[in-house]
Amino acid sequence: MYLALLVIFLQCSELYTQDKVFTFNTVEIKVEPSFKVRNGAPMSIICHADISKSADFQLKYNFTIFKDRRLVFMTVSDTGDARYEVPVAKSSDTGDYQCTVKADKKTGSSDPVHVWVTGMTKPTLTADKRDVLEGEVVKLRCELPEEEPPLQFCFRKIKTNSTPRETCVPEPYTNFSVLEVSVEEGDNILQFDCFGRRNVKLEWEDSAHSNKTLVTVREPFIKPTLTTVPSSNVTEGDQIQFECSTVVVRMHDIEIILQKNKSILNSVQDKKLLRYSTVATLEDSGEYLCKVEQGGASKTTKLNVVVSELFPKPTLVASMTKLDKNKELILNCSINGFQKANFSIIRKNANGDIPLKNSQTLKMRVNVNDTGSYTCKAEVKGIVKESKPVRINVYAPVSKPTLSVAGGLPEVVLGKPLQLICHSVMGTPPKTFRFYKGDDVEKIVINDTYATFLDENIRLNDQRGYRCDARNNHSSGVKTSDILNVTVVVPVRDASLGSVPYGEVEDGSEIAFLCSVKEGSLPILFRFFKKTDNEVLLFEKIEHRDRAMWHKETMKRQDTGTYYCVASNRANVDVRSQPITISVILAAWKKGVVAALVLITIAGAGALALWWFLRKKKKAKGPSMEMSGSALAANLTSEKLARQPNDGDYYSGSGYIEDSENHMKSTDENKGPDLESAEVEYTEVEVSTLDPHRAPVQKGTETVYSEIRKANNDSMENRHSRISGHPDAT
């Protein structure tokens, strides 16, 4: 029963839950009276949620309103609307507003809406002083207490009958700004005001101007007075005195300065009067400035002074400006239209002027050291004037020049440029050098002591000599060098290496290497190398011809390898030949000795083997041979004697054995290597005891003989066939 009730309850709950379905259609923000509100007017931000439900049931709505992503308002409502009231709108209320609604685990958000509160509150301006002196500083403070940063404050300085001077200061973190303003000369009565400014959507919006603040300015001192004594008709040599004075409120820290062309002539401190005296010169003409300073205040007065000329500058005249050594020079100093003056002639020097004579005229016999600049001075009534300098050049004659090659030796490598140096030791610079190739002028150079010439057109058969000449402003004229003949060095080209014999040489014999070149100036250095890891130099020789030979008397097996030669001359260009390979082989007589030793060794080994074999065989058949030897020998001897006239190759058994041994020995001793190729066949002879009552059986003996004979014939045929095939058989 309880189980049934529980099931019914759960089913009802599920049906109830399924009936409470809702969804957010839209969430939006409205602004009253509009999205653009005047500063000070009331403003309402309304958030509205449009919801669809599956049935009529109640929901709790949590509203949150943000301004520029910062929370400004929260509320809970049973309806789909929430209202954020702003009684007095300010410019700080300008921004982007957005609304978020939460209901039963679901959330909806509106799009942001920009609200602009136009206009700003009026700022307030205060000054720390109302009565100041020129040069002092006034501190101003402009404030917008109801506005929020970032802001910009603009201060205005207002003078009578002039355009206000505006200074703007950005303030990113505060709603006020402080500015220090210097009171300048001429600022009698000043007014200041300010206004605020902010940036809204890339547009500047200004507030109304603040209250005006009045500041009274007093002079700490009056404008200075500048005078001269005498006041007019100032002539060179007159004593002139400058006076600069002022009236001050406070004497402390006051300073008076006299200037001309930004140069300070004199100055005084804590005084009301400045005096400055000098003897007037033409250079004293110009504008003078008297400046009075105290603190930050400054006032100036200008005066223009004209000084009349007492006499013009003197003129120095030389009899000659370019002259030879030991010639006479006359210098004369004069003033146009003025004779009564004290003259002096001076030579200019880097370490100081050198007075030569206190006179209007100077005569002197010059030397090279007298070259330099000369002036003269004239003095009238304490006024000294100097003439323009006159340059005097004294020349010593040039010496005979020498022409040489820059490298030292009078030669040049074909294909490379030739650099010549023409040098004249004596003579006053500047000197003019001319280079000749044959009779043709190749180059003209102006220098102090030497000149260089580069000839890039070098030919092999060019027989023209080089010379140069030098001259300066001396009257002696031109000096010419001796003719320089230059040898053209032809670099070595196409080196080649050969040898006799070529390719192979017997051990212990001699060889000759020949290294030659196709062309090149003599002498030529020939070097012979064997190619190894370290490139070993074997022989070198200097030849006055295009080839060199190197004899090596004894070649050894270790001399086998690759050889090459290198040729060079004064052109310092190494030319390398193609390498050749030399093989050192064994001498012919050494080959014969080695072959003989090998054959003797083989023959000795064969003889020893045969001896050992025969000895072993004799021991095995000794008893039977002793028993039947005499009868068999007699029988064989009789047969041999009976058949000897008919067949010379026939031998008896005992005769075979002896002849066979003798034949093998002679073969071993005389034939040497043929022993190895000889095929020796042995026939086993079976001898039985003879019956004295029976006649000898010759068939058996003939069979034995024929087999042995066959073996001998085969051996001889093989031997003769080998000899006939050898190259030395003839």
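The values are calculated or read from the model by the stated rules, or taken from the named source; none is laboratory data. Worth saying up front: this structure is predicted, and the values here are computed from it rather than measured. Using ideal geometry, Cβ is built from the backbone for each residue, glycine included, and neighbour counts are taken over all protein chains shown. Protein only, heavy atoms only, side chains kept; ligands, DNA and RNA dropped before computing areas. Shrake-Rupley method; radii C 1.70, N 1.55, O 1.52, S 1.80 Å.
Numbers below:
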quantity: Sparsely packed trypsin sites (Lys or Arg not before Pro) within segment 556-589, loop by DSSP, other Cβ within 10 Å at most 10; calculated: Lys556
quantity: Centroid-to-centroid separation of segment 82-103 and segment 213-229 [C-alpha atoms, Å]; calculated: 59
quantity: Relative counts (whole %) of C-alpha pair distances in segment 124-218, using bins that are 5 Å wide; calculated: 3, 14, 25, 23, 16, 10, 7, 3, 1, 0
quantity: Residue-level accessible surface for Arg38, protein heavy atoms, 1.4 Å, Å²; calculated: 150
quantity: Carbon and sulfur %, accessible surface of segment 188-344 computed with the full protein complex present, 1.4 Å; calculated: 47
quantity: Segment 458-560: GluC sites (Glu not before Pro) falling in loop per DSSP and having at most 13 other Cβ within 10 Å; calculated: Glu510, Glu535, Glu553
quantity: Lys129-Thr228 FRET efficiency (beta carbon distance; Förster radius 41 Å; 0.05 resolution); calculated: 0.55
quantity: 5 Å-binned pair-distance histogram of segment 315-395 (Cα, whole percent); calculated: 3, 16, 27, 24, 17, 8, 4, 1, 0
quantity: Heavy-atom surface of segment 270-367, accessible at 1.4 Å and reported per residue (Å²); calculated: 59
quantity: Selection from Ile421, Ser476, Gly407, by position along the positive dipole direction of segment 402-489 (Cβ); calculated: Ser476
quantity: Along each principal axis, Cα extent of segment 221-305, largest first, Å; calculated: 39, 21, 16
quantity: Accessible-area order (highest first, 1.4 angstrom probe) of the listed residues Tyr288, Tyr173; calculated: Tyr173, Tyr288
quantity: Selected from Val248, Leu289, Leu303, residue furthest toward positive end of dipole (segment 221-305; charges at beta carbon); calculated: Val248
quantity: Convex hull of segment 402-489 built on C-alpha atoms - directionally averaged projected area, nm²; calculated: 5.4
quantity: Heavy atoms of Trp550 accessible to a 1.4 Å probe, total area in Å² rounded to 10; calculated: 30
quantity: Carbon + sulfur, % of accessible area of segment 441-564 - ligands and nucleic acids excluded, 1.4 Å; calculated: 46
quantity: Local net charge near Phe529, Cβ-Cβ under 15 Å (Lys/Arg +1, Asp/Glu -1); calculated: +1
quantity: Cβ-based net charge around Lys388, under 15 Å, with every Lys or Arg adding one and every Asp or Glu removing one; calculated: +4
quantity: Environment charge at Lys325 (Cβ cut-off 10 Å; Lys +1, Arg +1, Asp -1, Glu -1); calculated: 0
quantity: Sequence of Val390, Val398, Val76, Val573 when ordered by accessible area, the most exposed leading, probe 1.4 angstrom; calculated: Val76, Val573, Val390, Val398
quantity: Pairwise centroid distance, computed over Cα atoms, of segment 500-557 with segment 161-181, Å; calculated: 101
